[in-house]
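Since every read-out is calculated from the coordinates, none of them should be taken as a lab result. All figures in this text were calculated on a predicted structure; none of them were measured in a lab. Here the Cβ is made from the backbone with ideal geometry for all residues, glycine too, and neighbour counts use every protein chain on show.
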Amino acid sequence: MPPKWYWPIDPSNIPKIVVEPPGPKAQEIIKMDESLVMQSFGRWYPLVIRRGGYGPVVEDVDGNLYIDFNAGIAVMNVGHSHPRVVEAIKRQAELFTHYSMTDFYYELIVKHASMLRDIVPISGDKRVFYTNSGTESIEGAMKVARGHFRNQRPYIIAFLGAFHGRTYGSMALTASKPIQRLGFNPMLPNVIHIPYPPYPPYRCPFGRNLTEEECGEAVLGYLEDWIFGKMVDPSEVSAIFFEPIQGEGGYVVPPRNFFPGLRKIADKYGILLVDDEVQAGFGRTGKWFAIEHWGVEPDIITMAKAIAAGLPLGAIVGRTNIMDLPRGGLTPIPLAVTQ
Ligand SMILES: Cc1ncc(COP(=O)(O)O)c(C=O)c1O
């Protein structure tokens, strides 16, 4: 039996099409959208959502019911309108919705940060920084990484196929589709992209006949021998940003030896590993964070999406000695403090 918060529909009836989509109501809304909203989104089909609610089922504005494999694009990990989420939103809305956490203190933040501290796969002392979205978590992590080295290490390594967001810093790390950068150059400088090894390796960029292990080694070797050997001294690299499973890039799972090997290289040269769990985190792969499947500890983890079931929240969690930007370094300092 479905739990009682679900709206009362018979699961054996799903999916249920009552009018061929897009129905009349959906068509009307899409027409209005086209006349009001900039059409730069990558929408692939004309679903106009009315409500979620029946666990994995969503209803469109014409009453069609679908099994929701999108989950709001990897956001609704606990389902739509989970009663505990709804209750928490209501409770907080009645207390206050904003008081500026950058200037004052919230009890809830302390509670939440201690919960994050207990689940992230980074040992030792760590600190949390809160943001409003995935892209902002990436921007913040870039500043934390470069700022930690006081800009003595201006380079960042990222991967071909990566999606880290669409604001200027995160866009410079993103390399999954040319259209995402088309017309926006110059990008943030000093970002170098290297291939991302797929497992199984039949699409390995270094040859189709390589084994899983050889493909992982080939990418690690490329980084050390070609990038560090021919182009940039690793002492100038602050961080390697990666998705533990590439999402937008095609749901690419890397080989088992890849992240342990990347950790070794990072340790050898004092480079930070930044694990972007914006899409893969919060239970989506069966563990709290996807990197746990490789048993590797990153230095910084970026998160958003499922962290708050679609409310605009993100976070950066990192080792305390790295999360060391000075007061005002990631947020404005109120005038009263600077005077
Ligand atoms: C891995 C990853 N990082 C960052 C982002 C950017 O997150 P947001 O859309 O919340 O800015 C996304 C969004 O899909 C993502 O998948």
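Here, the chain has an Rg and a Dmax of 21.9, 66 Å when only alpha carbons are counted.
Taking V61, V19, V253 as the candidate residues, the one with maximal mean-square fluctuation in a Gaussian network model of the chain, Cα springs under 10 Å, is V19. Approximating the spin labels as points 7 Å out from Cα along Cα→Cβ, the D225-to-E107 distance works out to 6.0 nm.
Give me the Kirkwood hydrodynamic radius of region 8-166, using the inverse of the mean 1/r over all pairs of distinct Cα atoms, in Å to one decimal. Before the final figure, lay out the partial values.
Working: mean 1/r = 0.0497 Å⁻¹.
Answer for region 8-166: a Kirkwood hydrodynamic radius of 20.1 Å.
Around the Cα centre of the chain, unit charges on the Cβ atoms of Lys, Arg, Asp and Glu (plus for the first two, minus for the last two) sum to a dipole of about 340 debye.
For region 223-274 and region 107-141, what is the separation of their C-alpha centers, rounded to whole Å? Comparing the Cα centres of region 223-274 and region 107-141, I get a distance of 22 Å. For region 62-75, backbone phi angles converted through the Karplus equation (6.51, -1.76, 1.60; θ = phi - 60°) give residue-by-residue couplings of 9, x, 6, 10, 10, 7, 8, 7, 6, 6, x, 6, 6, 10 Hz, Gly and Pro being listed as x. Just checking the listed ones, D103, D267, D276: in the Gaussian network model of the chain with Cα springs under 10 Å, the one fluctuating most is D103. Close amide H partners of A239, meaning residues 5 or more places away or on another chain with modelled amide H under 5 Å apart, are I157, L272.
Taking amide H positions as modeled 1.01 Å from N, with prolines and chain starts lacking one, the residues under 5 Å from S133 and 5 or more places away or on another chain are G314. Only the Cβ atoms of Lys and Arg (+1) and of Asp and Glu (-1) were treated as charged; on that basis the dipole of region 251-300 about its Cα centre amounts to roughly 220 debye. Taking other Cβ atoms within 10 Å as a rough exposure proxy, R50, R327 sort from fewest to most as R327, R50. The HN-Hα couplings worked out from phi for region 153-165 by the Karplus form 6.51 cos²θ - 1.76 cosθ + 1.60 (θ = phi - 60°) are 10, x, 8, 10, 9, 9, 10, 5, x, 6, 10, 10, x Hz, whole numbers, x standing for Gly and Pro. Our coupling estimate for region 288-294, obtained by passing each phi through the Karplus curve with A = 6.51, B = -1.76, C = 1.60 and θ = phi - 60°, is 4, 10, 4, 4, 4, 5, 9 Hz, Gly and Pro reported as x. Among E214, E277, E107, the residue with the largest mean-square fluctuation in a Gaussian network model of the chain, with springs joining Cα atoms closer than 10 Å, is E107.
Database remark: amide H of Y199 closer than 5 angstrom to the amide H of V253 (H placed geometrically; neighbours at sequence offset of 5 or more, or on other chains; Pro and chain starts carry no H).
Could you put F159, F206, F149, F184 in order, starting from the residue whose Cβ has the fewest other Cβ atoms within 10 Å?
Working: F159 24, F206 15, F149 18, F184 11.
Ordered from fewest to most neighbouring Cβ atoms within 10 Å, F159, F206, F149, F184 come out as F184, F206, F149, F159.
Counting every Cα pair in region 11-69, what percent are over 13 Å apart? Tail of the P(r) past 13 Å holds 62 percent of the pairs. Shown here for region 148-234: trypsin sites (Lys or Arg not before Pro) in loop regions (DSSP other than H, G, I, E, B) with at most 11 other Cβ atoms within 10 Å, namely R150, R208.
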